[in-house]
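Structure record follows, encoded as C-alpha cells.
The values are calculated or read from the model by the stated rules, or taken from the named source; none is laboratory data. Here the structure is a predicted model, which means the values were calculated and not measured. When we count neighbours, we look across all protein chains shown, and the Cβ atoms used for this are built from the backbone with ideal geometry, even at glycine.
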Amino acid sequence: MSRAALLVLADGRFPAGGHAHSGGAEAAVEAGRVTGAASLADFCRGRLHTAGLVSASRAAAAALGGDPGALDAAAAARTPAPARRGAARRLGRQLARAARATWPSAELDALAREFPKGAHQPVVLGLAARAAGLEAVDAAYCAAYESVSGPAAATVWLLSLDPFDATGVLARLAPEMDLVADRAVRAAREAASAGVDALPSASAPLLEIGAEIHAGWAVRLFAS
C-alpha cells in the first residue's frame, strides 16, 4: 500500500470537482449561521458527525468490497434533499473520471457503466481507494476530511475569512476526524455481514433544507 496514493486522493487539487461545492456553507453563511471562525467550527463539527460519518462509512464499505449498487441505494435513502443527492452524483461522476484516469480499475469501469449519471461520491471514493491500493480506513479518512475541508475552504471566499483561521478550525477538528473514521470503519465491517442497514444514518436537517433553498438561487458562488 502506498501512503503517497492517499495524499493524492485526499489532495484538494485532485480534479474531482470538490472545489465547486461548499458543502452547505454558502447557504449557512447566507442564513447567518456561519459568520466567522467560531461558527465555522460549529458548522464543520456538526457536518463531520452527521453527513461526514454517513459518507465515511459508505466509502469504507465500498473499499471493503461492498456491493456498489446496494451502497448507492443506501446513500440515496440517507440523503433526503434532491439537491444534495444531485450534487453527490455529480461529484461521484467527476471523481470516477479522475480516478479511472489515475488508477485504472475494472471495478471503476463497471461502476461508470452502471451509473452513467454518477454514483454517490462516497461509493466512488471507496472504489477509488481500492483501485489505489488503499484500505477502508484511508477511504474513511478521505471522506471525513472532505466533509469539513470543503466548507472551510469555501468560507474563506464567502466571508473573506483569514485562511489561517480556517485551517486552524480543521486542525482542531483532527481528533474528532479520528473518531469518525474509526466509527465508520467499524460500521462498514459490521455491514459486510449484517447488510447496509448497519451503516450509520445520522441526519442533518438544516443541511438538507439549506441545500434545497440554495438550489433555487438565481445567483450563487458554489454549485451546492
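The numbered conditions (1) assigned to a helix (DSSP H, G or I); (2) under 20 Å from A215 (Cα atoms); (3) of a type outside the set (G, A, S) are all true for L48 except (2). Remark: pairs (first residue in the range 77-88, modelled with pLDDT of 95 or more; second residue in a loop (DSSP other than H, G, I, E, B) and among the hydrophobic types (A, V, I, L, M, F, W, C); Cβ separation under 7 Å; 6+ apart in sequence or on different chains) = A87/A223. For the range 47-82, the set of residues classified as more than 26 Å from R113 (Cβ to Cβ) and over 14 Å from the mean Cα position of the chain (by Cα) consists of P80, A81, listed by residue number. Restricting attention to the range 15-31 and to residues that are surrounded by fewer than 18 Cβ atoms within 10 Å (Cβ to Cβ) and over 18 Å from V156 (Cβ atoms), the residue that is nearest to the chain's Cα centre (by Cα) turns out to be P15. Please verify whether A101 is within 15 Å of P15 (Cα to Cα) and free of Cβ contacts under 8 Å to residues at least 24 places away in the same chain, treating the condition exactly as stated. Yes: the conditions hold for A101. Report yes if some residue within the range 54-61 is modelled with pLDDT under 95, under 25 Å from S201 (Cα atoms) and not small (G, A, S); otherwise report no. No, the range 54-61 has no match at all. Residues in the range 116-137 that are closer than 23 Å to T79 by Cα and more than 18 Å from the chain's Cα centre (by Cα): P116 only. Whenever a residue of the range 22-46 is under 21 Å from A144 (Cβ atoms) and without any contact (Cβ under 8 Å) to a residue 60 or more places away in the chain, its partners that are of a type in the set (D, E, K, R) and buried (at least 16 other Cβ atoms within 10 Å of the Cβ), lying with C-beta atoms within less than 8 angstrom and at least six residues away or across chains, give the pairs S39/R33.
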